[in-house]
Amino acid sequence: MTGYPPPPGFAARANVGPEVYAQAEADPFAFWAEQAGRLQWDTPWDTVFDDAEMPTARWFGGGRLNVAVNCVDRHVTAGRGDDVALHWVGEPGDGRTVTWAQLQDDVCRLANALTGLGIGAGDRVVLYLPVLVETVVATMACARIGAVVSLVFGGFSADALRFRVADTGAKLLIASDGQFRRGAAVAVKATADEAVAGLDHVEHVLVVRRTGEADVPWTPGRDLWWHELLAAHPPVHEPASFDAEHPLFIVYTSGTTGRPKGLVHTTGGYLTQASWTHWALFDAKDDDVYWCQADLAWVTAHTYVLYGPTSNGTTQVLYEGSPLTPHPGRHFEVIAGLGVTVYYTAPTLVRTFMKHGPELPAGYDLSSLRLLGSVGEAINPEAWRWLHEHVGGARCPIVDTWWQSETGAAVIAPLPGVTVLEPGSATVPLPGLAAAVVDDAGEQTPPGVEGNLVLTRPWPAMARTVWGDHARFVASYWAPYAERGWYLAGDSASVDEAGFVWIGGRIDDVLNVSGHRLSSIELESALVSHPRVAEAAVVGAPDDVTGQRIVAFVITRDDAGADDSRLAEELRAHVALRVGAIAKPREVVVVTDLPKTRSGKIMRRLMADMTAGRGGGDTTSLTDPGSMTTVERAWDAHAALRDRT
Ligand code: ATP
Ligand code: MG
């Protein structure tokens, strides 16, 4: 293999060296116990791992700690109170710098206020907020008093919010008066009201003033202003200790494969893996300016903004806005302006930048960057190389991190000072973790052959259940390989000769053409490597002869018309060359948009249903429900044309 070795200067200073793999492998439980020692425990644990109630694991049984103390107070106590915790950048251009001491003050005020509202350990609090300092404060205040927090994307509709508020049975909703969306202030309090109407378990709605809306609808007695409530409470709060297995948060999956699941994460094991993986993967240093651009409501930001980096005392950037507002170079402007050293992004955004060409990042001084990360879907090799060269100046390792809401923290990912990178592969399981690719009978597939990705050893940050539906937790992930005790990830993958894992897409998205299993990601990467294609989604439509036929939906970089039959021919030839003749898309449909979740994942399920003539899938997680209408129109026009010829 060719590959990209870590730059020698980077490797020499890296937090983690190659010896950690063998050390962890020799005794994974001792390894995790050592990492748990990075945290401040009020009561030490008796048992590192207990499998009596598997698949609900128990880690660090008997141990007690407070997450907010670990993520905030500890740094103040260590004399770093005046260091910057957060550089917050607002969408309209406003900003705020928050030190650890200031963060501690607000967390304590809110912890006191929440207690005053009758919220205690185990009660649920839902946040419906943009990316604000207040969002971090609220998350930490909940942790401080043992309330279980659930963050809902600020762009979700009243229905999507209502489902999550009702599902969690929340006592409190924290929302804002309004939000900035692509440059415009939009009122949202009315949406929050609609979402909680008639839900008697919601006792209060706490409102953060963000956009300064004029007529905020108000229910006296129920609604409270954040700034008034905080001002009325002292910035000192005595934290309690919570059991290592006390629930910390509920995070809903992005719903690409069905109704979103509310995964429950707990305290000690979760924070241990969040903290260690952030430190190891992102090589966290005290002088870093770290930026994970995920929305706070997505699991990525839970682990790699809210809990992991804060536990390590890392200075972070929080950016409120959409990445392309007010201009496409906004992220690069922020990187240059704040001297960002580590930038953790997503393939969908990289492809968006690519549409603008390398001139876009070239217009900014990005020399402060030393490390890049990617998450959310497999990164197309083309996008990886573009990011590496045009954003990372060919000097920054890229950590491609495979993980899920269910795993709680990164599972398969390179160590930036150790691993020789292969664009498109998340490489190998992290120290202490174990994965395999197996067939339905549980036999390991030969190198290069697709199968089911399973995790074969428990890990501290594993989800403990699906909120309110433990049977679904067991059935979705644990029943298929119950005898072996393996976790079924739901992704299809293959392992190469070197042991590197290549994610092929969701098991549900795997295509089967004349008995050949084809990975959606591999076909999409082939399409995206064509100069005229910016984005691609591939689905299998039912076919009498071949079982499935490949339909490719592509967004072009130029303005190819929907009836551009030459483009279809070009792409077929291109895919045949890159993957093989069997992988040639039968149909190519040019679209202007693709249905995506708020975390940027393509909802292939909806398009597959459409090509099969089935409709009505769950669309509550879509960023823009209108995107599916656009695709349906293009599909109908394409089908009409196809059936005429
Ligand atoms: P649902 O489970 O409801 O369908 P979801 O799986 O999209 O939602 P998440 O937990 O946010 O919700 O996403 C995890 C999935 O994202 C993984 O199972 C995998 O398919 C994909 N993924 C994330 N990171 C990577 C990566 N680095 N490489 C490949 N795939 C990735
Ligand atoms: Mg999933």
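The values are calculated or read from the model by the stated rules, or taken from the named source; none is laboratory data. Remember, it's a predicted structure, so these values are computed and weren't measured experimentally. Counting neighbours? That spans all protein chains shown, and the Cβs are built from the backbone with ideal geometry, glycine included. All accessible areas refer to the heavy atoms of the entire protein, side chains included, with ligands and DNA or RNA removed. Shrake-Rupley method; radii C 1.70, N 1.55, O 1.52, S 1.80 Å.
Here is a yes/no grid of residues against (1) assigned to a loop (DSSP other than H, G, I, E, B); (2) open to solvent by less than 50 Å² (accessible area, probe 1.4 Å); (3) of a type in the set (Asp, Glu); (4) out of contact with any Leu (no Cβ under 6 Å at 6 or more places or on another chain):
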position: 15; (1), (2), (3), (4): yes, yes, no, yes
position: 23; (1), (2), (3), (4): no, no, no, yes
position: 29; (1), (2), (3), (4): no, no, no, yes
position: 33; (1), (2), (3), (4): no, yes, no, yes
position: 48; (1), (2), (3), (4): no, yes, no, yes
position: 53; (1), (2), (3), (4): yes, no, yes, yes
position: 56; (1), (2), (3), (4): yes, yes, no, yes
position: 68; (1), (2), (3), (4): no, yes, no, yes
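Which one of the conditions (1) touching a strand residue (DSSP E or B) at 6+ places or on another chain (Cβ under 6 Å); (2) open to solvent by 10 Å² or more (accessible area, probe 1.4 Å) does residue 208 fail to meet, given that it meets all the rest?
(2)
Restrict the check to segment 497-519 and report whether at least one residue is in contact (Cβ under 8 Å) with a residue 60 or more places away in the chain, open to solvent by less than 20 Å² (accessible area, probe 1.4 Å), part of a strand (DSSP E or B) and at positive phi.
Scanning segment 497-519, I find at least one residue that is in contact (Cβ under 8 Å) with a residue 60 or more places away in the chain, open to solvent by less than 20 Å² (accessible area, probe 1.4 Å), part of a strand (DSSP E or B) and at positive phi, so the answer is yes.
Mind listing just one residue for me: the one in segment 353-383 that is out of contact with any helix residue (DSSP H, G or I) (no Cβ under 8 Å at 6 or more places or on another chain) and part of a helix (DSSP H, G or I) and, of those, nearest to residue 557 (Cα to Cα)?
In this case the residue turns out to be 355.
Only one of these conditions is not met by residue 420: (1) under 22 Å from the mean Cα position of the chain (by Cα); (2) away from ligand 1 (no atom under 16 Å from the Cβ); (3) of a type outside the set (Asp, Glu). Which number is it?
Condition (1) is where residue 420 drops out.
Look through 160, 113 and report the one residue that is at pLDDT 95 or above and touching a helix residue (DSSP H, G or I) at 6+ places or on another chain (Cβ under 9 Å).
On the way: 160 fails: at pLDDT 95 or above.
From the options 160, 113, the qualifying one is 113.
Considering only residues that are buried (at least 19 other Cβ atoms within 10 Å of the Cβ), more than 9 Å from ligand 1 (Cβ to nearest atom) and charged (D, E, K, R), which ones fall in segment 360-415?
Scanning segment 360-415 gives 370, 382.
Just for segment 575-611: of the residues that are among the polar types (S, T, N, Q) and within 16 Å of ligand 1 (Cβ to nearest atom), which one is nearest to the chain's Cα centre (by Cα)? Don't jump to the end; show me each part of the working.
Keep residues of segment 575-611 that are among the polar types (S, T, N, Q), which gives 592, 597, 599, 611.
Next, only the ones that are within 16 Å of ligand 1 (Cβ to nearest atom) stay: 597, 599.
Numbers: 597: 11, 599: 7 Å.
Looking at residues that are among the polar types (S, T, N, Q) and within 16 Å of ligand 1 (Cβ to nearest atom), I get 599.
Quick check on residue 525: is it buried (at least 22 other Cβ atoms within 10 Å of the Cβ), part of a strand (DSSP E or B) and touching a residue at least 40 places away in the same chain (Cβ under 8 Å)? Give the derivation first.
Values: buried (at least 22 other Cβ atoms within 10 Å of the Cβ): yes; part of a strand (DSSP E or B): no; touching a residue at least 40 places away in the same chain (Cβ under 8 Å): yes.
Spelling it out, it is not the case that residue 525 is buried (at least 22 other Cβ atoms within 10 Å of the Cβ), part of a strand (DSSP E or B) and touching a residue at least 40 places away in the same chain (Cβ under 8 Å).
If we only count strands (runs of 3 or more DSSP E) wholly inside segment 279-352, which ones have 1 or more residues that are open to solvent by less than 10 Å² (accessible area, probe 1.4 Å), polar (S, T, N, Q) and farther than 18 Å from residue 597 by Cβ? Please lay out each step first, then the result.
Working: elements: 289-292, 315-319, 342-345.
The strands (runs of 3 or more DSSP E) meeting that bar are 315-319.
Every residue, every condition in (1) part of a loop (DSSP other than H, G, I, E, B); (2) surrounded by fewer than 21 Cβ atoms within 10 Å (Cβ to Cβ), yes or no:
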position: 540; (1), (2): no, no
position: 553; (1), (2): no, no
position: 569; (1), (2): no, yes
position: 572; (1), (2): no, yes
position: 607; (1), (2): no, no
position: 613; (1), (2): yes, yes
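Restricting attention to strands (runs of 3 or more DSSP E) lying wholly within segment 103-185, give those where 1 or more residues are over 27 Å from residue 466 (Cα atoms), touching a residue at least 12 places away in the same chain (Cβ under 8 Å) and hydroxyl-bearing (Ser, Thr, Tyr). Steps first, answer last, please.
Values: elements: 124-129, 148-153, 172-176, 178-181.
Passing ranges, in order: 172-176.
Across segment 465-496, which residue is farthest from residue 148 (Cα to Cα) among those that are within 15 Å of ligand 2 (Cβ to nearest atom) and open to solvent by less than 20 Å² (accessible area, probe 1.4 Å)?
Per the stated criteria, the residue is 493.
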